[in-house]
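**Q** Please see the structure below; I have some questions.
Laboratory data are not the source of any read-out in this text; all were calculated from the coordinates shown. Remember, it's a predicted structure, so these values are computed and weren't measured experimentally. When we count neighbours, we look across all protein chains shown, and the Cβ atoms used for this are built from the backbone with ideal geometry, even at glycine.
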Amino acid sequence: MNPRQFYEARAKSIVKEMRESKGISYKELARRLEAQGVVVDVQVLINRVNQRKFSFALALQVLAAMGVEYFDITWQRAQLKKPEPKTLLR
């Protein structure tokens, strides 16, 4: 997994974990986003999260809509390791 894929997967898991821990359905989340002026279809929201295709701005809007004020991401740096150099066998 390259660094971009790692962070896309982590963004998805943060949004998903927060949503599940607060017991908020995607339908309710879409309603809350609409109240903030972000109109998004429920299925489109589900697809964006599941496919890890959403901007950082949308992630922040989603977290704000769920009432998340803080989350810690510092541990993630340890998860990324430089790829080992490949040796060629002769």
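**Q** Sorted from largest down, give the three principal axis spans of the alpha carbons of the range 3-69, whole angstrom values.
**A** Each principal axis gives a Cα extent; for the range 3-69 these are 34, 21, 17 Å.
**Q** What is the packing order of peptides 50-56, 61-67, taking the mean over residues of other C-beta atoms within 10 Å and listing the highest first?
**A** 61-67, 50-56
**Q** Which order do GLU17, GLU28, GLU69 fall in if you start with the one that has the fewest other Cβ atoms within 10 Å? Don't skip to the end; give the middle numbers.
**A** On the way: GLU17 11, GLU28 15, GLU69 7.
The order, fewest Cβ neighbours first, is GLU69, GLU17, GLU28.
**Q** Right, another one. Give me the extension gain from MET18 to VAL38: residue separation times 0.36 nm, minus the current Cα-Cα distance, reported in nm with one decimal. Please list the in-between numbers first.
**A** Working: separation 20, 0.36 × 20 = 7.20 nm, distance 1.89 nm.
Here the answer is 5.3 nm.
**Q** If contacts are Cα pairs under 8 angstrom and at least 6 residues apart, what is the relative contact order of the range 3-69 in percent?
**A** Details: 43 pairs, mean separation 29.6, N = 67.
RCO, the range 3-69: 44 percent.
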